[in-house]
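Structure, as C-alpha cells:
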Amino acid sequence: MKFDLTVDNGPCETDLRTWCMGIAIYTLFSIVLSVLITPSVFTFIGLAIAVITNACLLIGCRRENHMLIAVWFIYAILLAINFPFALLGTIFHFGGYRESTGMSNVFGALLVHVVVFILGLFCARIVYSYYLQLKNRESRPQAVPVV
C-alpha cells in the first residue's frame with residue numbers, strides 16, 4: 001500500500017484552502033475551550049503557541065502566503081514531540097496526561113491521545129499539501145513576455 005505525503009484536493013474533492021481554514025478555526029476553538037475548562041500554566045503556554053500559529057495559518061490562507069502557513073508547522077512539530085510523553089504519562093500516571101483527557105481509565109485516555117495524534121497527522125498532511133501548492137504557484141512565473 002502506497003501512502004503519499006501530499007494530496008491535490010481535500011476529502012470529497014474539496015479545496016485545500018477551506019480545509020486549512022477549518023483546521024485553524026477548530027484548533028483555536030478546542031484549545032481555548034480546554035484552557036477555560038482546565039486552566040494551568042502549561043495550558044496558557046500552549047494557548048499562546050496555538051493562537052499564534054493558527055492565526056498565521058488563517059492569515060496565510062486569506063492572503064495565500066506560504067511563509068505564514070509554514071509557521072503552523074511549529075504547532076504540528078510540538079504535537080508530534082508531545083505524543084510519546086502523553087502515552088508514557090498516561091500509562092505511568094505522571095504529568096496530568098490521564099486527567100487531561102477527562103477519563104480515569106488508562107485505555108480510554110490512551111485512545112483519546114492516539115485519536116488526537118492521528119487527527120494531527122491528518123491536518124499536517126493537508127496543511128503541508130496546501131503549503132506546497134502555494135509555494136509552487138509562487139515560484140512559477142505568472143506571465144512570460146513574448147519577444
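Remarks
- Rel. contact order, % - alpha carbon contacts under 8 angstrom, at least six apart, the chain: 28 percent
- Using only side-chain charges placed at the Cβ, +1 for Lys and Arg and -1 for Asp and Glu, the dipole size of segment 1-73 relative to its Cα centre rounds to 220 debye.
- A Förster radius of 25 Å combined with the Cβ-Cβ distance from Val7 to Met67 puts the calculated FRET efficiency at roughly 0.75.
- Kirkwood analysis of the Cα pair distances in the chain returns a hydrodynamic radius of 16.8 Å.
- Dipole check for the chain: with +1 at the C-beta of Lys and Arg, -1 at the C-beta of Asp and Glu, and the Cα centre as origin, the magnitude is about 200 Debye.
A short reminder: the numbers here are calculations on the coordinates, not readings from a lab. Quick caveat, the model's predicted, so the values are computed rather than measured. A quick note on method: Cβ atoms are made from the backbone with ideal geometry, for glycine too, and the neighbour counts reach across all protein chains shown.
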